[in-house]
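K.L.:
Below is one structure. I have some questions about it.
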Amino acid sequence: MADTLAALPGPRHPDPADALPLRWGVLGPGAIAAGFTDALHRHTRQRVVAAGSRSAERARAFAAAHGVERSYGSYEALVADPEVEVVYVATPHSEHLAHALLAIAAGKHVLIEKPMAVTADQSRRIVEAARAAGVFAMEAMWTRYLPQTDIVRQLLADGALGEVRLVTADFGGRSRYDPASRLWHPALAGGALLDLGVYLVSWSSFAIGPPAGIVATGTLAPTGVDDQVALVLSSAHGAQALLSTTLLASTPSLATISGSAGRIETDSPFWGPSGLRVFDSDGTLLSHWRDPYGRPHRDGMAYEAAALARYVAEGRSESPLHPLAEAVDTLATIDEARRQVGATRVE
């Protein structure tokens, strides 16, 4: 086991420029869409050819700033563009269901920014619609497609850590309280769990599978959304995940997976391109892998776009690295955690 941990496998498919190009439309030209578009244009052969917003002026400004050919003053016009092959849904969480269904009904493949919807029931509706329409659908859980994640995936598949017993992850950022803003407004699906906690639950699912037990405790903002939550998730085979998220303080954004034969500790941030430290069971540092590819921060979104393009070319209907059922399970876990802490219900 120690030899495997010391001589880490290399990540597979590290270059997103390998994927055949698709023509993308961006639905919701905000900050996350800007990072996504720039990452595609810098590091892949994918091209965003159209941007759609409820504001024609905003769509035009986004297109001009990011080298996008066309802009539309409605989402309906964007999905009707015959040149658009896949739609990136980058509107607020509360709008993901409606906008994903809009794109699917137009026969477009969809990449839906995380979380895929605001409840497990909503996400199931998206899955059912995509399958009925015969289009590809994927949640934009970009962490799953990073080079460092593929190294961890190989170590887990090879059993190099032994029996996995404990998983940890944190993600917190201090956000100014504004009851009208997206993070704090219940009607906009605000709260720490839906914004940041989805990364944590997905990390746990990646390492130990869906939880058989969920315990959550936390605090609420005056608007009723969760502003800080700690979770203990227990797997069917006895492993546990300790997860914490907050809108009230910046945290290290680190993650670990500990097993009987060794452990992995990520560099910060675990959810973006960074690195890994691997330790033997006695705590000896065996290796430290640092991301060498020069695609930092949101440039790492290029990997998920390239993965989607490869899957579409292969004729797949969903991602083998992050199946739709797992995205639904993640939201079911968040549904239960939000129920336990008493967060305002989101329909």
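The values are calculated or read from the model by the stated rules, or taken from the named source; none is laboratory data. Not measured: the values here are computed from a predicted model. We place every Cβ from the backbone using ideal geometry, glycine too, and count neighbours over all the protein chains shown. Keep in mind that these areas ignore ligands, DNA and RNA; they rest on the heavy atoms of the full protein, side chains included. Shrake-Rupley method; radii C 1.70, N 1.55, O 1.52, S 1.80 Å.
K.L.:
What is the P(r) of the range 194-347, as percent of Cα-Cα pairs per 5 Å bin from 0?
P.N.:
2, 8, 14, 17, 19, 17, 14, 7, 2, 0
K.L.:
Also, I was wondering about something else. Would you mind counting up the charge near Asp299? Only other residues with Cβ under 10 Å from its Cβ, with Lys and Arg at +1 and Asp and Glu at -1.
P.N.:
Working: positive: Arg42, Arg295, Arg298; negative: Asp38.
It works out to a net charge of +2.
K.L.:
How tilted is helix 324-341 with respect to the longest principal axis of the chain? Cα atoms for both, answer in degrees (0 to 90, nearest 10).
P.N.:
Between helix and principal axis, roughly 80 degrees.
K.L.:
Using Cα-Cα distances under 8 Å and only pairs 6 or more residues apart, what relative contact order does the range 206-323 have, in percent?
P.N.:
12 percent
K.L.:
In addition: Helix 301-313 against the longest principal axis of the chain: what's the angle in degrees, Cα atoms only, rounded to the nearest 10?
P.N.:
70 degrees
K.L.:
Once every DSSP H run of n ≥ 4 in the chain is given -39500 (n - 2.57) and the sum is divided by its residues, what mean residue ellipticity at 222 nm do you get, rounded to the nearest 500 deg cm²/dmol?
P.N.:
-10000 deg cm²/dmol
K.L.:
Let me ask something else. For the Cα atoms of the chain, what angle does the longest principal axis make with the long axis of helix 120-133, in degrees from 0 to 90, nearest 10?
P.N.:
Approximately 60 degrees, to the nearest ten.
K.L.:
Something else about it: Roughly how many nanometres apart are two label points built 7 Å out from the Cα toward the Cβ at Ala132 and Thr284?
P.N.:
Calculated label separation equals 5.9 nm.
K.L.:
Please list 179-185, 71-77 highest first by mean number of surrounding beta-carbon atoms within 10 Å per residue.
P.N.:
71-77, 179-185
K.L.:
Using a probe radius of 1.4 Å on heavy atoms only, what accessible surface per residue do you get for the range 290-347? Whole Å² is fine.
P.N.:
For the range 290-347, the per-residue accessible area is 45 Å².
K.L.:
A further question follows. Averaged per residue, what accessible area in Å² does the range 137-215 show with a 1.4 Å probe, protein chains only?
P.N.:
Values: 2500 Å² over 79 residues.
Heavy-atom accessible area per residue stands at 32 Å².
K.L.:
Using 0.36 nm times the number of residues separating Ala64 and Leu248, minus their current alpha carbon distance, what extension gain do you get?
P.N.:
62.7 nm
K.L.:
At 1.4 Å probe size, with the rest of the protein present, what percent of the exposed accessible area of the chain is carbon and sulfur atoms? Walk me through the intermediate numbers first.
P.N.:
Working: 6980 of 13440 Å².
About 52 percent, which is the carbon plus sulfur part of the accessible surface.
K.L.:
Sticking with this structure for a sec: Under the rule a/c < 1.5 gives rounded, and otherwise a/b versus b/c splits prolate from oblate, where does the chain land using the Cα gyration tensor?
P.N.:
oblate
K.L.:
Continuing with this model, one more query. Can you compute the modelled spin-label distance between Ser260 and Ala77, with each label point 7 Å from Cα toward Cβ, in nm?
P.N.:
6.3 nm
K.L.:
Still on this structure: Please report the antiparallel percentage of the DSSP beta bridges confined to the chain, to the nearest 5. Could you put the intermediate results ahead of the total?
P.N.:
On the way: 33 of 60 bridges.
Here the share of antiparallel DSSP bridges comes out near 55 percent.
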